[in-house]
Amino acid sequence: MRCVAFMRNVNQGQHGHPSTDDIRAGFADAGCPDAALFQANGTIVFESDAPADVVATAEQSIAARSGHEREILWTPLDTLVELASKHGAVRDPRRFEFALHGGGTIDTNDPDATAEADRNRCELVDAGAGWALVRNRIEGEGHATPTVERITRTRASARGLPTVVRLVERFARSA
């Protein structure tokens with residue numbers, strides 16, 4: 001299965017962050033030597049029949065290699081393909097963020113969840129098992145990660161919808 005991993009709080013190449021080489025080697029140590037890094041924000045595309053095991057091993061290996069612990073969340077590439085198909089042509093795509101999290105499925109109509117999103121100047125647009133799509137009210141702001149973390153009480157990591165669309169265009173066609 002082709003999967004996409006989001007490392008939390010990574011800016012490759014900056015001091016205090018795992019390097020590109022550390023990330024590649026961590027995924028190789030986890031049995032995915034052909035993992036492809038996408039952009040410089042800790043987005044990784046890999047193939048595995050046991051993605052949760054890959055991610056757990058890669059987290060440990062990257063921390064050991066770099067001295068920087070980072071959580072890694074993952075989803076099947078097919079989830080992003082469906083999301084891009086359904087939401088990729090929205091008006092103002094730069095206001096949308098796709099967040100991975102470990103808290104089940106968010107009910108986008110739950111009053112507590114919508115109130116939390118409202119406090120953070122965003123809206124819950126769509127959600128599925130371990131992911132949510134958030135629309136920020138103000139262009140240039142990004143509230144998906146903290147909003148989803150507060151709602152789910154788990155860690156989250158988000159990427160902009162344009163990034164997701166570019167990733168799908170590049171990797172879904174070569175699958």
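Values computed for the structure shown
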read-out	value
Qualifying residue in region 104-121 (condition: crowded, with 16+ Cβ neighbours inside 10 Å, under 20 Å from residue 4 (Cα atoms), touching an Asp or Glu at 6+ places or on another chain (Cβ under 9 Å) and of a type in the set (S, T, N, Q))	no
Filtered residues of region 55-78 (kept if in contact (Cβ under 8 Å) with a residue 40 or more places away in the chain and polar (S, T, N, Q))	66, 75
Single condition residue 168 does not satisfy, out of (1) open to solvent by 30 Å² or more (accessible area, probe 1.4 Å); (2) under 20 Å from residue 37 (Cβ atoms)	(1)
Check on residue 91, under 24 Å from residue 152 (Cβ atoms), open to solvent by 10 Å² or more (accessible area, probe 1.4 Å), modelled with pLDDT under 95 and not polar (S, T, N, Q)	no
Hits in region 29-50 (condition: acidic (Asp, Glu) and part of a loop (DSSP other than H, G, I, E, B))	34, 49
Residue within region 19-31 that is basic (Lys, Arg), more than 19 Å from residue 171 (Cα to Cα) and open to solvent by 60 Å² or more (accessible area, probe 1.4 Å) present	no
Matching entry among 138, 151 (being part of a helix (DSSP H, G or I) and open to solvent by 40 Å² or more (accessible area, probe 1.4 Å))	151
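The values are calculated or read from the model by the stated rules, or taken from the named source; none is laboratory data. Keep in mind the model is a prediction, meaning the values are calculated, not measured. Note: ideal-geometry Cβ built from the backbone for every residue, glycine included; neighbour counts use all protein chains shown. Calculation scope for accessible area: heavy atoms of the full protein, side chains included, ligands and nucleic acids excluded. Shrake-Rupley method; radii C 1.70, N 1.55, O 1.52, S 1.80 Å.
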